[in-house]
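The values are calculated or read from the model by the stated rules, or taken from the named source; none is laboratory data. It should be emphasised that the depicted structure is a prediction, and the values quoted were computed from it without experimental measurement. As a convention, Cβ positions derive from the backbone with ideal geometry for all residues, glycine included, and neighbour counts pool all protein chains shown. What goes into the accessible areas is simple: the full protein's heavy atoms, side chains included, and nothing from ligands, DNA or RNA. Shrake-Rupley method; radii C 1.70, N 1.55, O 1.52, S 1.80 Å.
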Amino acid sequence: MTDHVTIYEMAPRDGLQDEKQPVAAADKVKLVNLLSTTGLKKIEVTSFVDPKWVPQMADAAEVMTGIDRTEGITYAALTPNLRGFTRAIEAKADEVAIFASASEGFSQRNINCSIAESLERFKPVAEAARAAGIPLRGYVSCITDCPYDGPTPPAQVAFVAKALANLGCYEISLGDTLGHGVTETMSKMLDAVFAELPATQLAGHYHDTGGNALSNIALSLDRGVRTFDASTGGVGGCPYAPGATGNVATEAVVALLHAQGFDTGIDPDALAKAATFAKTLRTPQ
Ligand code: HMG
Ligand code: MG
């Protein structure tokens, strides 16, 4: 049987959250609808964060309620707190994600609290998600390097990943937020995380600033990881990770996986159309 790899699509959220010029809600809806034709089964549509922090995501409810839903696709959203969770559920998100950092500096800059405070803040979100029967995903940012604190100790990544799993996250996405991870740092980080969690509960979320995302995916595949976050057209970046580029391009990941004999269920031609459109939404440099 062919080994299946799941791609978790990030373009509408991670891809567009840092665009300087406003992207119309209708264009975001169009992008999600195009992505829904590609065979992708998981799409992160938007984030219900404070619009003062991320203005580009102020239209989260309009986008989430405006998309055409295809059966079998999970339409997900980021929710930093209970307020975000309530907004996401009102807009009929199928799945939500909480997001923590393995480094204190990024935690403070990104969500305005320490790591310990963030884990406390996520507790009511996790309880509400459980009560509502909504799957909960978790992110750990800065898995190898932090823009504010420098190199991240692998044990810290393992600690935060385990804490998110204990809160009820069915999957923990390991975020190379800066895109500076290399074979040595990624391997040490995975060693530490695998001591706490199985590969089946992990996903790779690699930004491609250093051009190493594909080799980091290959390395993670060898270690048994079978879910990767990627952004169609390679669009994106994080407002609180200066200089970082977008997630690795979905089309590049699909090409790598198909060349290696993995099944993704994704149609490269439909994906190419979505990528062409995603790139038109970028602010001209
Ligand atoms: P805070 O200011 O500490 O929050 O922000 P607060 O609870 O003190 O509330 C302050 C104000 O924000 C209040 O309004 C709240 O109502 C409002 P005011 O009284 O001033 O009028 N507020 C909200 N409004 C709408 N929706 C909400 C919400 N919550 C509070 N959910 C907070 C804390 C976490 C809210 C803020 O820091 C925030 O929104 N941060 C999000 C930053 C972000 O979205 N970053 C990018 C996503 S993470 C990422 O890209 C990394 C990832 O891709 C993985 C990787 O690559 O590593 C996931
Ligand atoms: Mg990211």
Using distinct alpha-carbon pairs, which all enter the 1/r mean, Kirkwood radius of the range 207-269 in Å: 12.3
Per residue, in Å², the accessible surface of the chain once ligands and nucleic acids are set aside, probe 1.4 Å: 39
Span per principal axis, largest first, for the Cα atoms of the range 39-187 (Å): 42, 33, 30
Debye intensity ratio I(q)/I(0), log10, the range 183-241, q values 0.19, 0.20 Å⁻¹ (C-alpha model): -0.73, -0.80
Cys with no candidate disulfide partner in the chain (beta-carbon separation under 4.7 Å rule): C113, C169, C238
Principal axis dimensions, the range 1-78 - Cα atoms, whole angstrom, descending: 48, 21, 18
Three-way shape label, the chain, alpha-carbon gyration tensor, a/c 1.5: rounded
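How fast does the range 136-233 diffuse by Stokes-Einstein, in µm²/s, taking the Kirkwood radius from C-alpha pairs at 25 °C and 0.890 mPa s? Intermediate values should be presented prior to the final figure.
Details: Rh = 13.0 Å.
Translational diffusion coefficient: 188 µm²/s.
When every alpha-carbon pair in the range 159-285 is counted, what percent end up more than 20 Å apart?
Tail of the P(r) past 20 Å holds 47 percent of the pairs.
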Fraction of beta bridges assigned by DSSP in the chain that are antiparallel (%, nearest 5): 10
Burial order of peptide ranges 168-176, 27-35 (average beta-carbon count within 10 Å, highest first): 168-176, 27-35
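Using only the heavy atoms of the protein chains and a 1.4 Å probe, how would K123, K273 rank by accessible area, largest first?
Working: K123 90, K273 145 Å².
If we order K123, K273 from most to least accessible, we get K273, K123.
Calculate for the chain the 222 nm mean residue ellipticity that helices alone would give, adding -39,500 (n - 2.57) per DSSP H run of length 4 or more and normalising by residue count, nearest 500 deg cm²/dmol.
Dividing the helical sum by the residues of the chain leaves -12000 deg cm²/dmol.
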Å³ per residue enclosed by the Cα convex hull of the range 49-132: 98
For the range 106-185 versus the range 210-235, the gap between their alpha-carbon centres in whole angstrom: 18
Share of carbon and sulfur in the accessible heavy-atom surface of the chain [1.4 Å probe, %]: 54
Violating pairs (Cα-Cα greater than 26 angstrom) within the set K20/K162; K52/K273; K41/K273; K123/K188: K20/K162; K52/K273; K123/K188
Where N is the number of residues in the range 78-121, Cα Rg divided by 2.2 N^0.38 Å: 1.22
